[in-house]
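The next block holds one structure in the form of structure tokens; read it before the comments.
Coordinate-derived values only; no laboratory data. What you see is a predicted model; the values in this text were computed from it and never measured.
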Amino acid sequence: MALQGLRPDVDLDDVIEQLYGPLYYRFLLRNRPITEQQAADIVDLAFSGLRP
């Protein structure tokens, strides 16, 4: 399954791990809430490498 706007060779499982990894780390290991800006930054960073 490919998502529109992403490179065709992108593995969606890897995308999910890239998005959730930083969130889990901050929440579970640092026990801090995640701000909307931090979440937006994580998404921007992850998707910047996924577009053609």
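If I take every Cα pair under 8 Å that is 6 or more residues apart in the chain, average their sequence separation and divide by the length, what percent do I get for the relative contact order? Please list the in-between numbers first.
On the way: 26 pairs, mean separation 25.0, N = 52.
Dividing the mean separation by the residue count of the chain yields 48 percent.
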Determine ³J(HN,Hα), in whole Hz, for all residues of the range 8-22 in sequence, where each value follows from phi through the Karplus function 6.51 cos²θ - 1.76 cosθ + 1.60 and θ = phi - 60°; x replaces Gly and Pro.
x, 8, 6, 8, 5, 5, 5, 4, 4, 5, 5, 7, 7, x, x
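So what are the chain's ellipsoid semi-axes, whole angstrom, largest first, if each one is the square root of 5 times an eigenvalue of the alpha-carbon gyration tensor? Don't skip to the end; give the middle numbers.
Numbers: eigenvalues 116, 27, 9 Å².
Semi-axis lengths for the chain are 24, 12, 7 Å.
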